[in-house]
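Below you will find the structure I want to go over with you.
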Amino acid sequence: MPIGRHESDYMGSLRSKLPVFLDSLTKSSGVRLAIYNADTDVYEEDRLGMLNVSAEVVLERDKFVLQELIGRRIPTVVLLSGGYSRDSYKLVAKMATYVLETWG
């Protein structure tokens with residue numbers, strides 16, 4: 001994605017491509033494990049990522065990805081990487097809170 005691209009483009013691409021990709025995998029073979037790399041370097045305050053995604057949309061992304069995976073009954077491991085802002089831990093905490101509140 002080009003530097004500084006708007007978050008609506010980011011989420012639009014994800015919403016249009018991830019379901020198609022996951023459907024192609026689940027139809028062709030049994031998926032035994034998904035590893036979701038839930039980085040936060042897309043965050044607008046990240047000095048290295050250079051994208052323009054708000055904290056709210058980072059959480060929206062995480063929710064969407066997890067719902068797509070779990071809705072297809074794909075076992076999922078979430079890994080953290082990237083994220084070079086002072087708020088990265090807050091973004092991760094929001095996603096962890098969502099997971100605990102939703103799937104407990």
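The values are calculated or read from the model by the stated rules, or taken from the named source; none is laboratory data. Just so you know, these numbers come straight off a predicted model, no measurement behind them. Here the Cβ is made from the backbone with ideal geometry for all residues, glycine too, and neighbour counts use every protein chain on show.
List the number of the failed condition for MET95; all other conditions in (1) exposed (fewer than 13 other Cβ atoms within 10 Å of the Cβ); (2) modelled with pLDDT of 95 or more hold.
Result: MET95 fails condition (1) only.
Quick one: count up the residues across the range 83-101 that are part of a helix (DSSP H, G or I) and in contact (Cβ under 8 Å) with a residue 12 or more places away in the chain.
First, the residues of the range 83-101 that are part of a helix (DSSP H, G or I): 88-101.
Now restrict to residues that are in contact (Cβ under 8 Å) with a residue 12 or more places away in the chain: 88, 90-92, 94-95, 98-99.
So the answer is 8.
With the requirement that a residue be of a type in the set (A, V, I, L, M, F, W, C), farther than 13 Å from MET11 by Cα and touching a residue at least 24 places away in the same chain (Cβ under 8 Å), what does the range 25-54 give you? Explain how you work it out, then say what you get.
From the range 25-54, those of a type in the set (A, V, I, L, M, F, W, C) are 25, 31, 33-35, 38, 42, 48, 50-51, 53; that's our starting set.
Add one more test, that the residue is farther than 13 Å from MET11 by Cα, and what stays is 25, 31, 33-35, 38, 48, 50.
Selection gives VAL31, LEU33, ALA34, ILE35, ALA38, LEU48, MET50.
I'm told TYR84 meets every condition in (1) at pLDDT 95 or above; (2) out of contact with any Pro (no Cβ under 9 Å at 6 or more places or on another chain) except one. Can you identify the failing condition by its number?
(1)
Continuing with this model, one more query. Please determine whether any residue of the range 19-37 is within 20 Å of TYR89 (Cβ to Cβ), at pLDDT 95 or above and in contact with a helix residue (DSSP H, G or I) (Cβ under 7 Å, 6 or more places away or on another chain).
yes
Let me ask something else. Just one of ARG72, ARG61 is of a type outside the set (Gly, Ala, Ser) and surrounded by 18 or more Cβ atoms within 10 Å (Cβ to Cβ); which is it? Give the steps one after another, and end with the answer.
On the way: ARG72 fails: surrounded by 18 or more Cβ atoms within 10 Å (Cβ to Cβ).
None of the other options fit; the residue is ARG61.
Would you pick out the residues in the range 3-39 that are aliphatic (A, V, I, L, M) and outside any loop (DSSP other than H, G, I, E, B)? It would help to see each step written out before you state the result.
Our first condition is that a residue be aliphatic (A, V, I, L, M); within the range 3-39, this holds for 3, 11, 14, 18, 20, 22, 25, 31, 33-35, 38.
Hits for the range 3-39 are MET11, LEU14, LEU18, VAL20, LEU22, LEU25, ALA34, ILE35.
Of all the residues that make up the range 55-82, how many are free of Cβ contacts under 8 Å to residues at least 40 places away in the same chain, over 16 Å from LEU25 (Cβ atoms) and of a type in the set (Val, Ile, Thr)?
1
Now for a different question. Considering only residues that are within 12 Å of the chain's Cα centre (by Cα), among the polar types (S, T, N, Q) and exposed (fewer than 13 other Cβ atoms within 10 Å of the Cβ), which ones fall in the range 23-58?
Of everything in the range 23-58, just one residue is within 12 Å of the chain's Cα centre (by Cα), among the polar types (S, T, N, Q) and exposed (fewer than 13 other Cβ atoms within 10 Å of the Cβ), namely ASN37.
Among the residues of the range 40-59, is any out of contact with any strand residue (DSSP E or B) (no Cβ under 7 Å at 6 or more places or on another chain), hydrophobic (A, V, I, L, M, F, W, C) and assigned to a helix (DSSP H, G or I)? Can you show your working first?
Here is the first cut: in the range 40-59, the ones out of contact with any strand residue (DSSP E or B) (no Cβ under 7 Å at 6 or more places or on another chain) are 40-41, 45-48, 50-51, 54, 56-57, 59.
If we keep only those that are hydrophobic (A, V, I, L, M, F, W, C) too, we end up with 48, 50-51, 57, 59.
Still in the running and assigned to a helix (DSSP H, G or I): 57, 59.
So far as the range 40-59 goes, yes, one or more of its residues are out of contact with any strand residue (DSSP E or B) (no Cβ under 7 Å at 6 or more places or on another chain), hydrophobic (A, V, I, L, M, F, W, C) and assigned to a helix (DSSP H, G or I).
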